[in-house]
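Here's the structure we're looking at; comments come further down.
The values are calculated or read from the model by the stated rules, or taken from the named source; none is laboratory data. Keep in mind the model is a prediction, meaning the values are calculated, not measured. Ideal geometry is used to build each Cβ from the backbone, glycine not excepted, and the neighbour counts take in all protein chains shown. For the accessible areas, the whole protein counts, side chains as well, though only heavy atoms, and no ligand, DNA or RNA atoms are used. Shrake-Rupley method; radii C 1.70, N 1.55, O 1.52, S 1.80 Å.
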Amino acid sequence: MLWLLKIGALVYLGFGALLYVAQRNMMYLPVAENPAEDIAAQWLRVDGASLKLWVVNPDAPRALLYFGGNAEDVYFNARDFAERLPGHTVYLVNYRGYGGSSGSPSETALFADALAVFDALRPRHQRVDVMGRSLGSGVAVYLASRRETGRLVLATPHDSASAIARRLYPVYPVDWMLKDRYDSVRYAPAVTAPTMLLIAEHDRVVPLSHSTNLATAFDPAQVDVVVVADADHNAVSGYPRY
């Protein structure tokens, strides 16, 4: 019996060590650069990195800054945004290490990049709205808590990466282990922009409870929650209500 306990302890510690060392490889799944030329691209230098932004409807008076989900090629949102938001210049951000942007992703880097991109674009437009999807919802909430944004839209949002990790790995002390927390419930009370949460009814990546928990962190008069019926995490943007 003792040898079984020893083997179990070794397995537990070994897998825990793997989770800790490889956590960013598990959290971030960068996409390769898209060579498309039908959408304009803009490059911004931010703290030693070069960020690639796809630009839709250039020179519109208002702007929308879009932060995508993990493993999402944000380019593929361009045509929908061009058609649906003709009054907005839409900037689709490729995170560090994603879609041709240099550098490596981390919470610290993505938060700093979001602030820098917003500050670079704000003087060009009457107003800048912000949208984040999945992983990008954490970036968007942080940005809106630090800058005056017009509106905030969060698609398939989570309350925090820590809460998701605790659900996935309940036997590990993930609050001590996690490097990148994306603690949106912490930043939400500082957001003053009107906010909409778009939640997929059958989201198995970010279960409904995590999104509704985030909703409660905002002022109730400020937030609008929309549940897209029958949708799941990855397919939600294909539904008409979205």
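Details
- Test result for residue 221, under 15 Å from the mean Cα position of the chain (by Cα) and of a type outside the set (Phe, Trp, Tyr): no
- Condition broken by residue 218, with the remaining ones in (1) touching a strand residue (DSSP E or B) at 6+ places or on another chain (Cβ under 6 Å); (2) in a helix (DSSP H, G or I); (3) aromatic (Phe, Trp, Tyr) satisfied: (2)
- Total residues in segment 116-153 satisfying the condition of being outside any helix (DSSP H, G or I), among the acidic types (Asp, Glu) and open to solvent by 20 Å² or more (accessible area, probe 1.4 Å): the figure is 1.
- Looking only at segment 197-242, and only at residues there that are open to solvent by 70 Å² or more (accessible area, probe 1.4 Å) and among the β-branched types (Val, Ile, Thr), the one that is modelled with the highest pLDDT: 216
- In the set (1) crowded, with 19+ Cβ neighbours inside 10 Å; (2) part of a loop (DSSP other than H, G, I, E, B); (3) without any contact (Cβ under 8 Å) to a residue 40 or more places away in the chain, the condition left unmet by residue 182 is number (3).
- Residue match in segment 156-173 (condition: modelled with pLDDT of 95 or more and either assigned to a helix (DSSP H, G or I) or closer than 25 Å to residue 121 by Cα (or both)): yes
- Applying a threshold of 7 Å to beta carbon distances and a minimum spacing of six or more residues, or different chains, the list of pairs starting in segment 16-43 at a residue that is free of Cβ contacts under 8 Å to residues at least 24 places away in the same chain and ending at one that is surrounded by fewer than 12 Cβ atoms within 10 Å (Cβ to Cβ) reads 40/58.
- Residue count for segment 92-112, restricted to those that are open to solvent by less than 10 Å² (accessible area, probe 1.4 Å) and part of a helix (DSSP H, G or I): 1
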